[in-house]
Amino acid sequence: MKKIMITGALGQIGTELVIKCRTLYGNDNVLATDIREPDVDSAIAQGPFEILDVTDKNHMTQIVESFKPDTFMHMAALLSATAEKNPQFAWDLNMGGLLNALEVAREYHLQFFTPSSIGAFGPSTPKVNTPQVTIQRPTSMYGVNKVAGELLCQYYFDKFGVDTRSVRFPGLISHIKEPGGGTTDYAVDIYFKAVREGHYSSYIAKDTFMDMMYMEDAIDAIIQLMEADGVKLINRNAYNLSAMSIEPEMVKEAIREHYPEFQLDYEVDPIRQNIADSWPNNIDISCARAEWGFNPKYDLNKMTEVMLNEIAKKNKVR
Ligand SMILES: NC(=O)c1ccc[n+]([C@@H]2O[C@H](COP(=O)([O-])OP(=O)(O)OC[C@H]3O[C@@H](n4cnc5c(N)ncnc54)[C@H](O)[C@@H]3O)[C@@H](O)[C@H]2O)c1
């Protein structure tokens with residue numbers, strides 16, 4: 001049975017990760033932490049929770065000493081679009097937080113997970129079927145942080161024997177928690193707007209292909225990777241992961257299967273478009289499949305159906 005500490009637990013991924021881990025490993029065996037308090041009636045608040053700023057190493061150490069986890073999942077970070085607005089702050093939080101987390105994992109012999117991103121690629125990366133090992137010269141601060149983070153994970157594995165595991169997540173799509181300032185957020189917003197207003201203005205241009213994945217597949221992938229036999233894991237920096245490569249018009253067509261009146265137009269945001277243009281169109285996930293059995297269940301149509309139904313239920317539209 002694992003005993004898990006999670007940082008950034010109130011974020012888009014953390015919220016669903018905490019709930020899944022508590023279901024699998026027991027409510028009291030999963031400590032959620034974040035820089036802010038959870039809502040008192042939220043699912044996160046129904047189990048162990050501590051306030052933790054990940055840039056405060058002493059406090060992180062104190063919490064590890066008192067909770068005594070065997071596994072550390074580090075989710076706290078500033079995402080791509082937000083990081084680009086304040087790059088120095090992004091460096092301090094993304095790299096300072098990660099280094100503290102890796103140090104704690106080294107000192108207390110904890111299994112370690114942190115996500116990288118398709119943002120770790122850049123304009124000189126092959127755009128189609130992007131290989132697991134390839135050119136990584138990102139042009140955003142977020143991308144720079146993710147490449148450095150991947151290398152740090154590999155370094156802590158090679159140098160100190162820390163059991164580091166990571167994935168390059170594509171854009172993650174969920175109806176439970178609003179996204180936290182990423183470039184792929186349009187693919188979440190579009191569903192909410194389709195149900196609530198029947199119309200969406202996309203800040204990402206037509207024909208901009210990016211990898212995406214439904215949140216349930218992302219959470220299952222984390223659990224599966226953490227449970228995998230370490231001997232079989234060749235890549236200790238981060239695994240390419242994706243379930244679909246999509247662009248806004250494809251999402252529109254999938255939505256129109258359920259909401260035929262849905263309208264999509266474009267008001268492109270140059271900052272986020274620039275980041276999107278520097279990312280791959282679709283990445284090769286064969287190493288994750290071969291080394292630990294990654295096998296996502298949701299394609300665009302299946303995900304669209306669930307997203308629209310769940311959002312409609314929340315809004316009592318249908
Ligand atoms: N969501 C995606 O589509 C996506 C895709 C690829 C990679 N990722 C990566 O997954 C991880 C989690 O992403 P997310 O989407 O859940 O992010 P999010 O922005 O939704 O959540 C981040 C959480 O970190 C917390 N936080 C911020 N500063 C903190 C600090 N100093 N100390 C402690 N907590 C702090 C925030 O309060 C927030 O709850 C990040 O590393 C991100 O880069 C996410």
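Here are the numbers:
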read-out: Computed [θ] at 222 nm, helices only, for the chain once each DSSP H run of length n ≥ 4 contributes -39500 (n - 2.57); value: -13500 deg cm²/dmol
read-out: Net lengthening on full extension, D56/I176 (0.36 nm per residue, minus Cα-Cα); value: 40.3 nm
read-out: With Cα atoms, 0 to 90° folded angle of helix 141-160 axis to the chain main axis; value: 30 degrees
read-out: Between helix 12-25 and the chain: long-axis angle, C-alpha atoms, 0 to 90°, nearest 10; value: 60 degrees
read-out: Count of lysine pairs in the stretch 84-184 with Cα separation under 25 Å (8 or more residues apart, or interchain); value: 5
read-out: DSSP-defined antiparallel bridges as percent of all bridges, the chain, nearest 5; value: 10 percent
read-out: Mean accessible surface per residue for the chain, computed with a 1.4 Å probe while every protein chain stays in place, in Å²; value: 42 Å²
read-out: Simple label model, 7 Å out from Cα along Cβ direction - K2 to K297, nm; value: 1.8 nm
read-out: Protein accessible area in the stretch 211-318, 1.4 Å probe - carbon and sulfur %; value: 46 percent
read-out: Of all accessible heavy-atom area on the stretch 32-125, the percent that carbon and sulfur account for (1.4 Å); value: 51 percent
read-out: Computed E for D28/K232 - FRET, C-beta separation, R0 35 angstrom, nearest 0.05; value: 0.70
read-out: Rounded to 5, percent antiparallel among DSSP beta bridges of the stretch 156-294; value: 25 percent
read-out: Check: the chain dipole with +1 on Lys, Arg Cβ and -1 on Asp, Glu Cβ, in debye; value: 360 debye
read-out: Nonlocal amide H pairs with G122, under 5 Å, H built at 1.01 Å; value: R137
read-out: Stretch gain in nm, segment E37-R106, where the contour uses 0.36 nm per residue and the Cα spacing is subtracted; value: 22.1 nm
read-out: Nearest 10 degrees, 0 to 90: helix 87-108 Cα axis against the chain principal axis; value: 40 degrees
read-out: Phi-based couplings in Hz for the stretch 53-66 (Karplus 6.51, -1.76, 1.60; Gly and Pro marked x); value: 8, 5, 7, 9, 5, 4, 5, 4, 4, 4, 5, 4, 5, 7
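The values are calculated or read from the model by the stated rules, or taken from the named source; none is laboratory data. As the structure is a computational prediction, the values presented were derived from the model and not from experiment. We place every Cβ from the backbone using ideal geometry, glycine too, and count neighbours over all the protein chains shown. Areas reflect the complete protein model, heavy atoms only, side chains present, ligands, DNA and RNA absent. Shrake-Rupley method; radii C 1.70, N 1.55, O 1.52, S 1.80 Å.
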